[in-house]
Structure formats: structure tokens, C-alpha cells
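The values are calculated or read from the model by the stated rules, or taken from the named source; none is laboratory data. Because the structure is predicted, anything quoted here is derived from the model rather than measured. A quick note on method: Cβ atoms are made from the backbone with ideal geometry, for glycine too, and the neighbour counts reach across all protein chains shown.
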Amino acid sequence: MNWKNVRLIYLKEMQGAIRDRRTMITTILVPLIFYPLLFLSIGYFSVIGERNSESQSSLISIVGAENAPELVNLLEQDKDINIVPTEENRVKELIEGDIHLIIRVPESVETDYSEDNRKDPPSIIIEYDSTAQHSLVAKKRVLALIESYRKGIVQMRLKKIGLGHDFIKPFQEQSMDLAPEDKKAGFILGLILPYLIIILIFVGAMHSAVDITAGEKERGTLATLLVSQLNRLEIVLGKYFTVMTISAVSMFLGLIGLSIAFLLPAYIFGEVSVMGVHYSPSLFFLFFLILIPLVGLASALLILIGIFARNTKEASTYITPLYMSAIFLAMISLNQGVELAKPLFLVPILNNSFVFKELLLGTVNGTHILGTVISNMVVAFLALRAAAGMFQKESVLFRS
């Protein structure tokens, strides 16, 4: 095998990718423009929706209002709450969104505590619709007022027996978060960044991998390449390194675009300053040490599918379950309480997402890193070897 020939194929495919408008759009414009706009739009509309829900008055119906006049008085004094008359069909109106919440007050809610009525406390029932934002906002407002109402009743009962509030609350608790700011930011980044990195790698590589394999079959340009003096393994490696380059560039540009979105105040996580996160050069080295085999793995799998497929449509059909599987494995790391057993760090993609998460939190586990790098390199090598084997078969390259 001649590496000069591999370089020749690589430069040829890279020139073709640069000339291809679609590749440039998916590699440069989408990561740098579309991704920031997408995430900014999500954050913007989430904030706007929350503000709209908070700015509107909550329509509340009270059943048994005469049983708790003090509670009713608290609700009436709140400018964000409007009490509507009680009717029989209020449950239907709640489901349809005409009112936001129903409060049912039992008769004994304000009964003075004594030896004769010692029993389980009565329940104020709050009926709401968990699928409606206005109903959830109304619930939050009402619960705060009910807590004030409860404290008022407790104060009154303590006063009757000559005791102060300190009797039932002998001390106060204070919580102190000792986590450094770097670790807080790393925790939030560790939840979303590994997931996004894996998506960016596959999205960046899919179009180019299909275009220079199955796409060349459709265009008839693959036959011209095969009759040259180039070794077929050299052709596969040249195409493989092309896909790796495009995937890596697309991923890095995507991360830059997402960083822009994270740093702007309009984004829902705008308070998380990525610029304030400080990591050592050795940690960055480990991050990229794990990243490179992942890019190689994704590129090898996509090249394998592209060579096997008859055309671009068939290749897209085969790539879809692979892409969905990658997303599923990456999503597992989004769960905060999930920890992988050591054997699972040999599962590609899944291991990457968890090791990325560990590094962002400042944890360096040599066993996990080594297992991740080795497993990804082994699977990438096997996929690349299978692709090279298929490229030797005329029945695969020219089947219809």
C-alpha cells in the first residue's frame, strides 16, 4: 500500500467536497448559523412562554369557601388570582382550560384543636391539569398562599396555649453549596454536551460518507476510479480520512455555534458561563484523545454502509437505525443517577458519552478512558476492514 496514493484520493475527495455546495452547507453553514439560531429560539420561546404564563391571572374556583374565610381572604388579596363563582361543571371547565384550578375546602379545616377532636388533619384538595402551563402556575401560587394560611392557623393555636412559634421550630437550617463554579458549569455541560457531540459527529459525516460511496455508484464515477492503478484499500482509506475530516470540522464548528448560543442571555441556560470554565491542558488532551477514535468509529461505520448500499436512498435507509441507536446510547448519559459498570465502558458511543461527562466534571478515570479508546478503535478497525473487503467485491460495487 502506498500512502501517497491514499493522500491523492484524500485530496481529490476533499476538493470535491469543497466544491459541493450541499456539503459546505451541512459542514459550515448549518453548524455555525442554524444550530445557534435553533437553540436560541428554543430558549427564547421557553422564556417568553414562562413569562406569558406568569403574567396572566389564575382563574380559581373554591368549593367550600365558607369553611375557610381567612384562606379566601388571602386568595382575594393576591393580584395574580381571580376567584370565579362555584358551579357544578367546574371540572369540565378545568379540563377545557376555562378555569385553571379548583380548591375544595372541608368543613373542619379551621376547627380549634382540642382533646375531643384529635384525629387525622383534614385535607384541602387542589384539582389542577398537569398538562396545562396556566394550571401549573395557578397551583404554584395557591400552594404558597396555603402555606401562609397554615402558618397562620398554627400561630393562632400556639398563642391560645401561651407558646411562641419557636416551640415547633427550635432551630433553622441553612444550606451551603460548596461546589466550585467550574464544577457547577461542568455538571450542566456534562448533561448536554456529550449528547450534542455524538449527534454532531454523525450528522457531519452522514452526507459526505454517502455521497462519496453510494453517490458515486449512482453517478457512475466509481468505475473510473476502480480502473486506475490505485489499490482498492488505498481508495477506501482516502475516502475514510475524508469523511473523518469533514465530520471533525462539522463537529468543531457545531460546538462553536452552540457555545455562541450558550453565552448569549437569550438562551435558557445563558447564566452558565462557558468562558468561566477552566480546565487543564492535560484534560483537553484526554478529551480529544477520546474524541478522535469516536470520529473514526462513526466514519468507518458510515463508509461501510455507503459501500454496501446500492444507492443513496438505500444508504439513507440503513443509516437511520444506526443514527437512532447512537442517539439512544447518548441519551442514557442525560440521566443524572445512571452510572455504568466497568464492562459497559467497552460499548462504543455509550462509553464516550459517560467519559465526556466525567472529564467535564473534572474526574479522570484511566480504566474508563482506556476501555473507551480501545473499544472504539477496535470497532472502527473491524468496520473499516469490512468496508475494504466489500470494496474488493464486484458483486457489491456493481449490484443493481
Worksheet item: Has the range 359-379 got any residue that is farther than 19 Å from Leu286 by Cα and hydrophobic (A, V, I, L, M, F, W, C)?
Response: yes
Worksheet item: Which of the following residues is farther than 22 Å from Met244 by Cβ, of a type outside the set (Phe, Trp, Tyr) and in contact with a Phe, Trp or Tyr (Cβ under 9 Å, 6 or more places away or on another chain): Leu40, Leu59?
Response: Leu40
Discussion item. If I filter the range 215-231 down to residues being part of a helix (DSSP H, G or I) and among the aliphatic types (A, V, I, L, M), which single residue comes out as surrounded by the most Cβ atoms within 10 Å (Cβ to Cβ)?
Written reply: Leu222
Discussion item. Six or more apart or on different chains, Cβ atoms under 9 Å: show the pairs whose first residue is in the range 150-172 and free of Cβ contacts under 8 Å to residues at least 24 places away in the same chain and whose second is assigned to a loop (DSSP other than H, G, I, E, B) and acidic (Asp, Glu).
Written reply: Met156/Asp112
Fill in: Per-region count, the range 120-179, residues hydroxyl-bearing (Ser, Thr, Tyr), in contact with a helix residue (DSSP H, G or I) (Cβ under 6 Å, 6 or more places away or on another chain) and either in a loop (DSSP other than H, G, I, E, B) or at positive phi (or both)
1
Fill in: Residues of the range 22-44 satisfying the condition of being within 30 Å of Ala138 (Cβ to Cβ) and modelled with pLDDT of 75 or more
Leu40, Ser41
Discussion item. Any residue that is assigned to a loop (DSSP other than H, G, I, E, B), of a type outside the set (Phe, Trp, Tyr) and free of Cβ contacts under 8 Å to residues at least 40 places away in the same chain - is there at least one of those in the range 193-214?
Written reply: no
Practice prompt. State all residues of the range 4-23 that are of a type outside the set (Val, Ile, Thr), in contact (Cβ under 8 Å) with a residue 12 or more places away in the chain and either closer than 15 Å to Gln229 by Cβ or surrounded by fewer than 16 Cβ atoms within 10 Å (Cβ to Cβ) (or both); if no residue qualifies, say none.
Written response: Asn5, Arg7, Leu8, Lys12, Arg22
Fill in: Filter result (in a helix (DSSP H, G or I), at pLDDT below 90 and either under 26 Å from the mean Cα position of the chain (by Cα) or of a type in the set (Phe, Trp, Tyr) (or both)) within the range 373-400
Phe391
Worksheet entry | Residue check for Leu71: under 18 Å from Val154 (Cα atoms) and at pLDDT below 90 | yes
